[in-house]
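Accompanying notes for the structure given below.
The values are calculated or read from the model by the stated rules, or taken from the named source; none is laboratory data. What you are looking at is a predicted structure, and each value in this text was computed from that prediction instead of being measured. Cβ placement follows ideal geometry from the backbone for every residue including glycine, while neighbour counts extend to all protein chains displayed.
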Amino acid sequence: MKGVLEGVRVLDFGRYIAGPYCAQLLAQFGADVIRIEKLAGSEDRYTSPVTENGEGSLFMQMNCSKRGMTLNPTKAGGREVVKRLVATADVVLANLPVPTLVQMGIDYESLKAIKEDIIFTMVSTFGSVGPYSDRVGFDGIGQSMSGAVKMAGYPGKPMKSFAPYVDYGTATSAALGTFAALMARQQTGKGQIVEGALMRTALCFSNSPMIEQILLNINRVGTGNRGQNAGPSDIFNTQDGAIIIQVVGQPLFERWARLVGAEDWIDDPRFATDALRGVNGELISERAGAWCAERTTQQALEELEAARVPAGPVLSFQEAYEDPHIQAMGVLNDIDYPGLSKPAPVAGPPIKLSETPGTIRHRPPTLGEHTDEIMAELGYNADQIEELRQQRVI
């Protein structure tokens, strides 16, 4: 089955998550994505090493279905290679500082001079406008500056999310923007800049509590796992583990109250709305915690499910991998790679299409695996390729 982006070429100059995962999503839906990295391998290739040669788990996830080449664009010969690559491309993607983009010849003006209708997808921490636009940063900075980290922890003890949701959210938004830009180009014939920013994503994801704060000056403080706008909404210890219960809305609250023997709370004015249940959440969590402590995880979950109250176990990564439902979903794909002791469970697209699904077509590239192949496509012969290799351009 052909991917919906078959025939679209993407040059991936991305690093770590926000750029490469955007390119990964495009690759999963059929784009020819060429990952371009340093001659010795870019730093994100070796984050959390899992292979004999030091390639990392982050690289395994971010680079399936891509072709890989090495290139030094700062050399004269490298700049020429960049020009030839851009002339064949539809999208150029980068999450690098602007001076570096200019040095490499992949800033928007340079790209547009080569190909008028190019789409330039750029990702940064703070965006291109504002006093912090030149600063560099990672996911945790977006989380922290959006207000979310203070609310995730406790007073005096802020806590960021372990999962880098700002990075992944920015990558996904950038992929959506790139799809939209490709559609717009079909209609207008014009390319454009698609700009993602970690700070913009973080603000969007935590916008609702900010709206509440500005309108009501409520000055909430963190309550850890306990939710503040409903209840029970918390993580509770069982006899052999922990579960999360999330009750939102009157029907769910009534079902939960009957389950735990708290029928008298149904008409209690302290718990009359989600907002009031959030205010009195500590009391509700105490009652729910006592109920859970008397049961194993399986017993608690079975009773909650019978009452149709949303709940789930708190799993380790190993337990999540082994969970029968997660296995049945088909999200995880066994990917072999040179130097791995066993296949890596790489997640496919987070969204499922019934007619044109995204897929993982092949493993990530080894360092420079497709350099000669791509250079030949650009018109370089074997002698020229070897000369550029001797000059440390490729």
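For the range 43-58, the set of residues classified as farther than 17 Å from Ala163 by Cβ and β-branched (Val, Ile, Thr) consists of Val50, Thr51, listed by residue number. Here's a check for you: in the range 239-253, which residue that is more than 15 Å from Gly281 (Cβ to Cβ) and touching a Phe, Trp or Tyr at 6+ places or on another chain (Cβ under 9 Å) is surrounded by the fewest Cβ atoms within 10 Å (Cβ to Cβ)? By that ranking, first place goes to Ala242. Among helices (runs of 4 or more DSSP H) entirely within the range 79-158, having at least 1 residues that are at pLDDT 95 or above and buried (at least 17 other Cβ atoms within 10 Å of the Cβ) singles out 108-114, 139-145, 148-152. Within the range 300-332, restricting attention to residues that are farther than 18 Å from Glu254 by Cα and touching a residue at least 60 places away in the same chain (Cβ under 8 Å), the residue that is surrounded by the fewest Cβ atoms within 10 Å (Cβ to Cβ) is Gly312. Taking the criterion of being in contact with a strand residue (DSSP E or B) (Cβ under 9 Å, 6 or more places away or on another chain), in contact (Cβ under 8 Å) with a residue 60 or more places away in the chain and within 13 Å of Ser57 (Cβ to Cβ), the residues of the range 336-351 that qualify are Tyr337, Ala344, Val346, Ala347. From the list Thr170, Thr188, Thr178, the one residue that fits, being free of Cβ contacts under 8 Å to residues at least 12 places away in the same chain and within 27 Å of Lys112 (Cα to Cα), is Thr188.
Going residue by residue through the range 37-57, is there one that turns out to be among the polar types (S, T, N, Q), crowded, with 22+ Cβ neighbours inside 10 Å and within 25 Å of Val8 (Cα to Cα)? No, the conditions are met nowhere in the range 37-57. Scanning the range 307-344 for residues that are acidic (Asp, Glu) and assigned to a helix (DSSP H, G or I) gives Glu319, Glu322.
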